[in-house]
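Enquirer: Here it is, the structure in full.
The values are calculated or read from the model by the stated rules, or taken from the named source; none is laboratory data. This one's a predicted model, so the numbers in the text were calculated from it and none came from an experiment. FYI the Cβ positions are ideal-geometry reconstructions off the backbone, even for glycines, and counts take in every protein chain you see.
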Amino acid sequence: MLLERLKAIEDKYNELTNLMSDPEVLADFPRYQKYSTEQAEISEIVEKYKEYKKVLA
């Protein structure tokens with residue numbers, strides 16, 4: 001259950017990364033800023049999850 005939640009957070013992080021590279025989003029600063037803030041809030045969790053997966057590999 002915890003790993004599923006971490007995977008969902010990682011998926012959200014990746015989705016935000018993709019959205020932030022969209023020209024339409026880049027042209028809409030408030031939306032870009034919202035996505036950037038969301039991504040920053042979960043970035044540390046995602047980095048730790050990636051480290052965890054690397055250790056298991």
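Enquirer: Looking at the stretch 1-17 only, could you name the residues that are surrounded by 11 or more Cβ atoms within 10 Å (Cβ to Cβ) and either within 11 Å of the chain's Cα centre (by Cα) or aliphatic (A, V, I, L, M) (or both)?
Expert: L6, K7, I9, E10, D11, K12, Y13, N14, E15, L16, T17
Enquirer: A follow-up question, please. For the stretch 29-44, name all the residues that are surrounded by 13 or more Cβ atoms within 10 Å (Cβ to Cβ) and among the acidic types (D, E).
Expert: E38
Enquirer: Mind listing whichever residues of the stretch 1-31 are over 14 Å from K48 (Cα atoms) and either touching a Phe, Trp or Tyr at 6+ places or on another chain (Cβ under 8 Å) or hydroxyl-bearing (S, T, Y) (or both)?
Expert: L16, T17, L19, M20, S21, V25, L26, listed by residue number.
Enquirer: When the stretch 1-17 is examined, which residues are found to be outside any loop (DSSP other than H, G, I, E, B) and of a type outside the set (D, E, K, R)?
Expert: Hits for the stretch 1-17 are L2, L3, L6, A8, I9, Y13, N14, L16, T17.
Enquirer: Just give me the residues in the stretch 26-57 being at pLDDT 95 or above, farther than 17 Å from E15 by Cβ and of a type in the set (A, V, I, L, M, F, W, C), in sequence order.
Expert: A27, F29, V55
Enquirer: Quick check on my filter: what residues within the stretch 18-28 are assigned to a helix (DSSP H, G or I) and exposed (fewer than 12 other Cβ atoms within 10 Å of the Cβ)?
Expert: Hits for the stretch 18-28 are N18, P23, E24.
Enquirer: Quick one: how many residues across the stretch 13-57 are closer than 23 Å to L3 by Cα and not small (G, A, S)?
Expert: At the first step, the residues of the stretch 13-57 found to be closer than 23 Å to L3 by Cα are 13-18, 38-57.
Within this subset, residues satisfying the condition of being not small (G, A, S) are 13-18, 38-39, 41-42, 44-56.
Number satisfying all stated conditions: 23.
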